[in-house]
Amino acid sequence: MAASSYGLIATFPTAPDLYHAAEKVRDAGYKNWDCITPFPVHGLDKAMGLRRSIVPRISLAGGITGFCTGMTMIWWTGAYDYPLTVGGKPLFSPMFAFPVSYELTILFTAFATIGGMFFLNGLPMHYHPVLKYDQIKRGMDDTFFIVIEARDPRFNLANTRALLQQAGGTEIKELEA
């Protein structure tokens, strides 16, 4: 392994080949690796051993925050900031606050979802070593790749290359960092 090595990349011709190779890499105990596909492959996240994303929980927290913000804002405005009794109506009613709370729920959920995805995916990422691979554009058209990073504790150049070959990988290349 060269000092400036990012890892190994292997090419797979079909989605089923990639799926089965991902299961083999997962079963071998690798943690820092990824699959590059031109389209979503059903079940690939399970084959890779990935847990369910926490983005829905972040979105829920954003939505609850937006709803509570809307209700609190209308309550504060009606009861303290500008109390105005008109025709015996109460200073606060959830019925009056609902449109504002509904819109803030949607707004805060959207912001939380986008922010959560950016944070969890490490974005913005303006450069990635995989982009140096001359065949990476094929990953947007008709080819599938597995990339195993050199920072993985189980990474050994010879053993990892042998695993990828045994899994059916072709054109196995070392990536520069």
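Nothing in this text is a laboratory measurement; each read-out follows from the coordinates by a stated rule. Quick caveat: nothing in here was measured; it's all calculated off a predicted structure. Cβ coordinates were reconstructed from backbone atoms using ideal geometry, including for glycine residues, and neighbour counts include every protein chain displayed.
Filter the chain for me: DSSP H helices, axial length by Cα at least 24 angstrom, mean Kyte-Doolittle hydropathy not below 1.0. List them by residue number. Could you put the intermediate results ahead of the total?
Values: long enough: 55-76 (31 Å, 0.91); 94-120 (37 Å, 1.44).
Helices meeting the span and hydropathy rule in the chain are 94-120.
For the chain, what is the charge dipole size about the Cα centre, in debye to the nearest 20, if Lys and Arg each add +1 at the Cβ and Asp and Glu each add -1 at the Cβ?
Numbers: 15 positive and 15 negative charges, 77 e Å.
The dipole magnitude comes to about 380 debye.
Per Stokes-Einstein, at 37 °C and 0.692 mPa s, what whole-number D in µm² s⁻¹ belongs to the stretch 64-177, with the Kirkwood radius over Cα pairs as the hydrodynamic radius?
It diffuses with D of about 168 µm²/s by this estimate.
Compute the distance from the alpha-carbon center of the stretch 1-59 to that of the stretch 62-107, in whole Å.
Result: 46 Å between the Cα centres.
When N is the residue count of the stretch 1-156, what does its C-alpha Rg come to as a fraction of 2.2 N^0.38 Å?
On the way: Rg = 24.6 Å, N = 156, 2.2 N^0.38 = 15.0 Å.
Normalised by 2.2 N^0.38 Å, the Cα Rg of the stretch 1-156 equals 1.64.
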